[in-house]
Amino acid sequence: MPDTDTSTHLVARLLLPRDAAPDAWRMLAARGLRALCDGYMAVLLPAYLLSLGFGQFQVGLISTATLLGSAAATLWVGAFGHRFAPRALLAAAALLMTATGLGFAGLSSFWPLLIVAIVGTLNPSSGDVSVFLPLEHARLAEAAKGEARTALFARYSVLGALCAAVGALAAAVPDFLRRFAGITELASLRALFLLYGLVGLAVFALYRGLPAPDHGCAPTRPALLGPSRAIVVRLAVLFCVDSFAGGLVVNALLSLWLLQRFGLTLSQAGAFFFWAGLLSAASQFAAPKVAARIGLLNTMVFTHIPANICLVLAALSPSLPLALTLMFVRSALSQMDVPTRTAYVMGVVTPAERSAAASFTAVPRSLASAISPTLGGALFAAGFISAPLVLCGTLKIAYDLALWWAFRKHPPQGE
């Protein structure tokens with residue numbers, strides 16, 4: 001039999017940067033599995049809802065419900081999560097993921113699906129806006145320091161982007177099953193929701209394997225926001241603008257835009273998200289090296305602005321090749337702020353406040369991004385299918401400029 005400890009050590013060496021805690025690989029692996037599901041769910045969710053007979057506005061409304069539910073759960077973690085063991089909260093979230101997959105696979109009516117969307121973990125966006133986020137971020141922040149922490153968050157983000165890209169290819173599975181296995185499109189879509197639930201069980205197993213706090217060096221006890229409250233509030237307000245803008249083009253709506261503006265099939269849309277995800281992963285992998293040269297804040301801002309200019313131009317493009325080229329350029333730049341943003345937040349607060357800071361910066365992001373998919377869906381339904389992309393790019397540029405101006409004199413620890 002293979003030596004379990006040796007295998008675990010090898011996996012940790014492959015996934016983790018030097019000087020990171022060895023158990024952090026479990027959170028990276030869990031992030032990768034969840035991203036695989038998010039990758040195909042973002043593409044297939046609108047197709048599934050349309051196949052059930054729902055309209056474009058209802059697609060946007062359910063997307064909004066998923067984000068509102070995530071925001072409420074994340075807010076609860078920030079306010080009350082310090083009373084519970086983080087490992088138990090992560091395990092409970094994984095079981096909720098399983099219940100979400102089973103609920104979407106077994107229900108067909110709008111109102112029951114809306115309820116499952118609110119209380120579940122489904123993610124229609126290109127990034128992770130779920131309740132898992134603050135819990136994993138707080139634990140990862142304890143697992144490394146300084147540049148190693150930025151590298152760890154970069155690997156966390158890169159792995160998520162890579163797995164989401166691979167997951168997007170699974171959007172072709174319903175077409176394959178319909179053509180070669182004689183399964184209806186609706187039945188094949190339901191099967192992928194069942195797979196989502198099964199992955200939740202695998203994530204549960206990974207979290208249950210995390211060491212208890214009394215094993216080895218115990219992490220800093222979480223606390224409510226105190227000395228860092230002012231800076232966290234300012235960051236949260238700005239992140240709110242960024243996420244509201246991002247919610248206008250969550251992957252579910254971007255998939256709808258590609259399907260309706262240029263007539264792409266699900267397989268073609270999945271291929272686009274695959275290559276876009278690879279470009280995003282490459283950019284996130286490069287983010288720590290760029291940040292080491294110009295700083296975390298500058299990396300966040302000066303890569304984001306050109307990416308959003310590309311988004312606006314893509315929305316106005318008259319042809320599919322030009323639009324896709326601009327979207328690929330955007331993908332190569334737009335996610336470099338993800339690991340650097342997380343490292344920045346973790347670096348400007350005290351260690352005890354990290355869990356609360358992660359929650360209270362994630363909550364307004366989730367709330368703001370939850371509102372905008374309904375607006376995006378309404379604009380789609382009204383015939384303004386490119387307006388959400390233009391509005392998103394414009395708001396994000398304004399956010400970038402405001403963020404740089406407000407925090408250019410606030411370097412994190414280690415810079």
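Summary table below
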{"item": "Ala65 closer than 26 Å to Pro388 by Cβ and in a helix (DSSP H, G or I)", "result": "yes"}
{"item": "Counted residues, the range 235-262 - those being at pLDDT 85 or above and over 20 Å from the mean Cα position of the chain (by Cα)", "result": "3"}
{"item": "Answer from Leu122, Leu162 - the residue that is touching a residue at least 40 places away in the same chain (Cβ under 8 Å), within 14 Å of Leu28 (Cβ to Cβ) and within 17 Å of the chain's Cα centre (by Cα)", "result": "Leu162"}
{"item": "Answer from Phe54, Phe104 - the residue that is modelled with pLDDT of 85 or more and either over 24 Å from Val166 (Cα atoms) or not in a helix (DSSP H, G or I) (or both)", "result": "Phe54"}
{"item": "Residue among Ala148, Ala168 that alone is surrounded by fewer than 20 Cβ atoms within 10 Å (Cβ to Cβ) and either within 30 Å of Leu296 (Cα to Cα) or touching a strand residue (DSSP E or B) at 6+ places or on another chain (Cβ under 7 Å) (or both)", "result": "Ala148"}
{"item": "In the range 369-381, residue farthest from Leu68 (Cα to Cα) [restricted to those that are modelled with pLDDT of 75 or more and of a type in the set (Gly, Ala, Ser)]", "result": "Ala381"}
{"item": "Filter result for Thr66 (touching a Pro at 6+ places or on another chain (Cβ under 7 Å) and surrounded by 23 or more Cβ atoms within 10 Å (Cβ to Cβ))", "result": "yes"}
{"item": "Identity of the residue in the range 196-216, surrounded by fewer than 18 Cβ atoms within 10 Å (Cβ to Cβ) and assigned to a helix (DSSP H, G or I), that ends up modelled with the lowest pLDDT", "result": "Arg208"}
{"item": "Hits in the range 282-315 - residues which are closer than 18 Å to Thr325 by Cβ, modelled with pLDDT under 90 and surrounded by fewer than 22 Cβ atoms within 10 Å (Cβ to Cβ)", "result": "Ala282"}
{"item": "Contacts under 7 angstrom Cβ, first residue in the range 173-196 being of a type in the set (Gly, Ala, Ser), partner surrounded by 15 or more Cβ atoms within 10 Å (Cβ to Cβ), 6 or more apart", "result": "Ser188/Val173; Ser188/Pro174; Ser188/Leu177; Ser188/Arg178"}
{"item": "One residue from Leu259, Leu235, Leu279 being touching a residue at least 40 places away in the same chain (Cβ under 8 Å) and surrounded by 24 or more Cβ atoms within 10 Å (Cβ to Cβ)", "result": "Leu235"}
{"item": "Within the range 262-276, tally of residues that are among the small types (Gly, Ala, Ser), buried (at least 24 other Cβ atoms within 10 Å of the Cβ) and within 12 Å of Leu324 (Cα to Cα)", "result": "2"}
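The values are calculated or read from the model by the stated rules, or taken from the named source; none is laboratory data. Fair warning: this is a prediction, and the values are worked out from it, not measured in the lab. Don't worry about glycine lacking a Cβ; one is built from the backbone with ideal geometry, like all the others, and counts go over all protein chains shown.
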